Structures are given as structure tokens and as C-alpha cells.
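The values are calculated or read from the model by the stated rules, or taken from the named source; none is laboratory data. Just so you know, these numbers come straight off a predicted model, no measurement behind them. All Cβ positions, glycine included, derive from the backbone under ideal geometry; neighbour counts span all protein chains shown. Only protein heavy atoms, including side chains, enter the accessible area calculation; ligands, DNA and RNA are left aside. Shrake-Rupley method; radii C 1.70, N 1.55, O 1.52, S 1.80 Å.
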Amino acid sequence: MYHFLRPLLFRLDPEWAHTATLWAAQAAQRTVLPLVASQYQFEDERLKQRLWGNTFPNPVGLAAGADKNAQAVPFWEAIGFGFVEVGSVSAQPAPGNPTPRAFRLPKDQALINRLGLNNDGAEAVAERLEHGRPDRARPLGINLAKTHDPDIMGDAALEDFRTSFRRLVGQASYVTLNVSCPNTPDGGTFEDPAALDALLDVIMAEQKAPGLAVPVVIKLSPPLSDRVLFDTRLEDILAVAMDHDVDGFIASNTAPDRKGVRTSDDRLEEIGAGGLSGPPLEARATRLVQYLYRGTDGEIPIIGVGGVHDAESAYAKIRAGASLVQIYTALVYEGPGLVQRIKEGLVARLRDDGYASLENVVGVDA
Ligand SMILES: Cc1cc2nc3c(=O)[nH]c(=O)nc-3n(C[C@H](O)[C@H](O)[C@H](O)COP(=O)(O)O)c2cc1C
């Protein structure tokens, strides 16, 4: 089916195609959700895991950015995702950067985006989740970012995170702090160890307050390449995160550079700045998963994301140390059937390699 749909969608501007997909997903979830779910029923006990007090029926999740405003969570669950991460959501609604701001790189099966954290804001997303998700069947991650406004800095930025955390925590199985958005001039600041320390001071104190307990994970930028020796800044970030007892990591966000891309330089110049996602990111993100797994002695769950596009690439992230994986770009190129194909492929690999369950494979290549 997606085989026929894709050429049509690819004629549209990428952001329009995405909006059309979200409309279709919402229409489907209002009318034919059981029918949709019946097409994507594959689950297997071997893929099931318990993490952060939640049962994840399978390790394949929807990455942040695909459903920023939590409009279609039941639909994503129906097509077989084991969990969904919505957001990034910020305390205030934000329009993002001027358009066009999303671009396809078909030669690389990749995307570049500089959306700039456009979202409806914490209040609207919390209300949507309170009313639009009667059946809380699967774990839901909520990804938080600072409101995209250069005037919100310092203490105001911490307050901004605190506001969205308080408003959304009741709906979340885990909360992600997006400290690594490459698309806003001020977005990277929280990946500075001192800034991260200040942010975690605030959020981890909130998390200990009655009624606000939730696992908190932080989402990091990719390393410069899959071969870089990890820099002291990353060591410091890891130390700060461990000091604050964060509950997990997501590796990784999009890359600001164009390493590993085959698309012509002219086209890249025409596109301009933005975060790169898809296969060119794959090896680097996997390397970061491995680094984090080693650095935490495998004791803290890691979500691997970046270039997962089939069972093999998902399996590699898991072997490197990821308990869960997420996808976004490959969904654009492959369509919804990809989720089930990855799950089936993972079960086949477990069987071929003689593992009783996915848990036994996490980190074997770390
Ligand atoms: C169009 C687009 C928008 C994104 N928006 C967000 C976002 O709001 N917050 C976030 O943490 N990550 C965002 N991401 C990053 C993805 O969650 C993911 O980390 C990255 O795309 C790598 O995974 P992939 O190769 O499977 O796409 C976005 C990615 C894309 C392509």
C-alpha cells in the first residue's frame, strides 16, 4: 500500500506530506482503528521487556518529532509501535522557524530539518493526552524542550522546563529532556555540563516531589563521527547525569553536519542549515549507545535512535547496548509496515543466534 502512496506523498513539500499523514492517522483512529490494528498484530513474548516499571511489548518506538503534539498516539500504537514518544513540547506554544524547513535527501534515504521546536505548548498537549487516550495500552514518553525564544535564558529557561514538566508528568511513562536540539541558536546550551547540572538540579528535585515521580532520560547529540575518541565534554556530561541519577539516555538527536551524505554539495547548499537524520547518522549514534552502555556499566536503560531502518540496524543498536530503539526518518521512506518487519526480523535474529529473549542481547557488542 505504501508503495503506491509514497510517490504521491513525495510530490508534496515534506512538511505538508507530514501534516497530511497526521490528518490521515487521526481520521483512521477515529473511524477504523481496530481494522488498522488487525493488519499489524505481530507481537512476540521474546521482545517484551520491563523497564522503568513499565512493560514494553516490543522495543520499537516512535521517535520524538513525528507526533510533536500527541495527535495520533492510538494510531501509532495500532501499527505496532511498542511505545511512543511525543514532543518536543515546550512550556509555551511556538511557531518554529520560517518555512521551508524540512527536506528529503532521497539518495541517502535521509532528511534535514530545521523546524525549530514548533509545537502547541504544554497546556494544549496535556489536555489532548488527558482526553484523547482512553486506552493507555503502551508506554508513552513525553519529550520536553525549552520554549524556542532567545529571550528565555538562564533561570527563566529552567523555569520553562519546570513548567512543562509539572504540566505533563501525569501523562508520561518517562520524560525526555531534549538538551540537544541543533535547530535553535540557543538549543544546545543544556548540553554544556554546567547548564545540564543546573537543569537536572531543578528537574530531579521536581521528580522527587509527591505525585511527580517519573523516570527522566536525557537526549544527547551524536558524536562527530563513529571513530572519534569521545571528548572530555561528553565524559563530563555523563558524570553530571550519573551524579543526578538520571534514569536513562537517548542516543541520539540529529546531526548539524553533513558527514556520510552522498547528496550533491549544490543541493546541500541550497537546503542550508538543519539537523540530519537517517542512515548517515546510524554508525555514529550506535557508537554513542556503546559509549554510554560502557560508561554506565549497562545499568541504565538506553534508547538507540538514528538511522534505524530495518531489523539489522535495530539489532545492531540493541547489541551495542540499547534496550529500546526508535525510528522516524525510515518511517517516511518505508511506511508503517516497517514496524512489523523490524519486529519479525528481530525475532528471527534472536532465534538464529540462540537467544531466549531480547534482554539477553542488550550490550553483547558493547
Ligand atoms: C522532522 C524531524 C523533527 C524532529 N523533531 C524532534 C523534536 O522535536 N525533538 C527531538 O528530541 N527530536 C526530534 N527529531 C529527532 C528524532 O527524534 C531522531 O532523534 C532523529 O531523527 C534520528 O532518528 P532517525 O534517523 O530514525 O530519524 C526530529 C527529527 C526529524 C526528522
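Candidates Ala20, Ala24, Ala63: the one that is touching a strand residue (DSSP E or B) at 6+ places or on another chain (Cβ under 6 Å) and of a type in the set (Gly, Ala, Ser) is Ala63. Going by what's in this entry, would Lys343 be described as within 14 Å of the ligand (Cβ to nearest atom) and of a type in the set (Lys, Arg)? Criteria not met by Lys343.
Among Ala195, Ala205, Ala157, Ala239, which is the only one that is more than 23 Å from Phe83 (Cα to Cα), in a helix (DSSP H, G or I), more than 16 Å from the ligand (Cβ to nearest atom) and touching a helix residue (DSSP H, G or I) at 6+ places or on another chain (Cβ under 6 Å)? So that I can check it myself, show each step before the final result.
Working: Ala205 fails: touching a helix residue (DSSP H, G or I) at 6+ places or on another chain (Cβ under 6 Å); Ala157 fails: touching a helix residue (DSSP H, G or I) at 6+ places or on another chain (Cβ under 6 Å); Ala239 fails: touching a helix residue (DSSP H, G or I) at 6+ places or on another chain (Cβ under 6 Å).
Unique residue meeting the criteria: Ala195.
Comparison of Asn58, Asn69 shows that the only residue that is over 15 Å from Leu331 (Cα atoms), within 16 Å of the ligand (Cβ to nearest atom) and not in a strand (DSSP E or B) is Asn69. The residues of region 81-117 that are among the charged types (D, E, K, R), within 22 Å of Val261 (Cβ to Cβ) and either open to solvent by less than 60 Å² (accessible area, probe 1.4 Å) or within 11 Å of the ligand (Cβ to nearest atom) (or both), listed by number, are Arg101, Arg104, Asp108, Arg114.
Of everything in region 261-286 that is within 21 Å of the chain's Cα centre (by Cα) and of a type in the set (Gly, Ala, Ser), the residue that is farthest from Pro98 (Cα to Cα) is Ala283. Sub-9 Å Cβ pairs linking a first residue in region 3-30 that is under 18 Å from Trp76 (Cα atoms) to a second residue that is assigned to a helix (DSSP H, G or I) and open to solvent by 80 Å² or more (accessible area, probe 1.4 Å), at least 6 apart or interchain, are Ala17/Leu8; Ala28/Leu35, ordered by first then second residue. For Val362, the requirement of being part of a loop (DSSP other than H, G, I, E, B) and at pLDDT 95 or above is met. Total residues in region 120-134 satisfying the condition of being touching a strand residue (DSSP E or B) at 6+ places or on another chain (Cβ under 8 Å), open to solvent by less than 10 Å² (accessible area, probe 1.4 Å) and not β-branched (Val, Ile, Thr): the figure is 3. Checked against (1) open to solvent by 10 Å² or more (accessible area, probe 1.4 Å); (2) aliphatic (A, V, I, L, M); (3) in contact (Cβ under 8 Å) with a residue 24 or more places away in the chain, Ala156 passes all but condition (3).
Taking the criterion of being within 13 Å of the ligand (Cβ to nearest atom), under 17 Å from Gln71 (Cβ atoms) and out of contact with any helix residue (DSSP H, G or I) (no Cβ under 9 Å at 6 or more places or on another chain), would at least one residue in region 140-148 satisfy it? Before you say what the answer is, go through the steps one by one.
First, pick out the residues of region 140-148 that are within 13 Å of the ligand (Cβ to nearest atom): 141-148.
This time we only want the ones that are under 17 Å from Gln71 (Cβ atoms), so: 141-143.
Filter once more, so that each one left must be out of contact with any helix residue (DSSP H, G or I) (no Cβ under 9 Å at 6 or more places or on another chain): 141, 143.
Checked region 140-148: at least one residue is within 13 Å of the ligand (Cβ to nearest atom), under 17 Å from Gln71 (Cβ atoms) and out of contact with any helix residue (DSSP H, G or I) (no Cβ under 9 Å at 6 or more places or on another chain).
I need a count of the residues in region 345-355 that are open to solvent by 60 Å² or more (accessible area, probe 1.4 Å) and either of a type in the set (Gly, Ala, Ser) or outside any helix (DSSP H, G or I) (or both).
Here is the first cut: in region 345-355, the residues open to solvent by 60 Å² or more (accessible area, probe 1.4 Å) are 349, 351-355.
With the extra rule that they be either of a type in the set (Gly, Ala, Ser) or outside any helix (DSSP H, G or I) (or both), the set shrinks to 354-355.
Selection size over region 345-355: 2.
Of the listed requirements (1) open to solvent by less than 10 Å² (accessible area, probe 1.4 Å); (2) of a type outside the set (S, T, N, Q); (3) out of contact with any helix residue (DSSP H, G or I) (no Cβ under 7 Å at 6 or more places or on another chain), Leu358 misses just one: (3). Considering the conditions (1) of a type in the set (A, V, I, L, M, F, W, C); (2) more than 17 Å from Gln92 (Cα to Cα); (3) buried (at least 19 other Cβ atoms within 10 Å of the Cβ), Ala137 is excluded by exactly one of them, (3).
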